[in-house]
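Rule-based calculations on the coordinates, nothing more; no lab input. Computed from a predicted model, the values in this text were never measured in an experiment.
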Amino acid sequence: MLDGSGDVAGTSRNAFPATRKLSAAHFGDDFTELLIREGNKSRLLRGMKPWGKLYKGYGPFQYDLQYSLTDEVFFKERRWYDVSKCVDKCVGELEVKYKHQGNVPEAIRAYNGSGPRARAIRQQRLHYAEHLAAGPGSKSNHRRNNTNVIWGPTYYLDIPTLTANSSIGPS
């Protein structure tokens, strides 16, 4: 849960729900507050303080909140704690994006949106893939490009904590 766009000053979001207020108007306060609590759990794992913002991506592959309109159960049942369900969602969405885009880099960009942040994420993922392909001990450039987008393996390392710690996982 890393994307607070729409609710964070200086950001915007076109996909529904663009803001916490729109989410509450459509789904109700209980569901919206559940999502905010779940986002705060992710913030705590990263050493950050809770906040009252609605995140727009859930699980290790940032399944976008816009899909709550067609896949409400995934969000209401907090299925992002089941990594296999997250992988299924990610692979399915990437397959759709690949069919539309015709190549992997553009499928990655489309998975993450259409603006400059999506293009930056695409470049970061491609750089990360190059590093992985080079293998352990390689002399490849380990630096991330200089953007404000959070990415990389650190987030995924939090996943075992989510499932192993009952105070973090679903209750």
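Some points to look at:
- Using the Karplus relation 6.51 cos²θ - 1.76 cosθ + 1.60 with θ = phi - 60°, the per-residue 3J(HN,Hα) values for the stretch 60-66 come to x, 10, 6, 4, 6, 4, 4 Hz, with x marking Gly and Pro.
- Extended-chain gain in nm, criterion 0.36 nm per residue less alpha-carbon gap, Gln66 and Glu33: 10.2 nm
- In straight-distance terms, cross-link reach from Lys53 covers every one of the aspartates and glutamates whose alpha-carbon lies under 12 Å from its own, apart from those fewer than eight places away in the same chain; here that gives Asp3, Asp7, Glu33, Glu38.
- Taking 0.36 nm per residue of separation and subtracting the Cα-Cα distance, full extension of the segment from Ala133 to Val87 would add 14.5 nm.
- Cross-link table Lys21/Lys56; Lys56/Lys89; Lys76/Lys97, entries beyond 18 Å C-alpha to C-alpha: Lys76/Lys97
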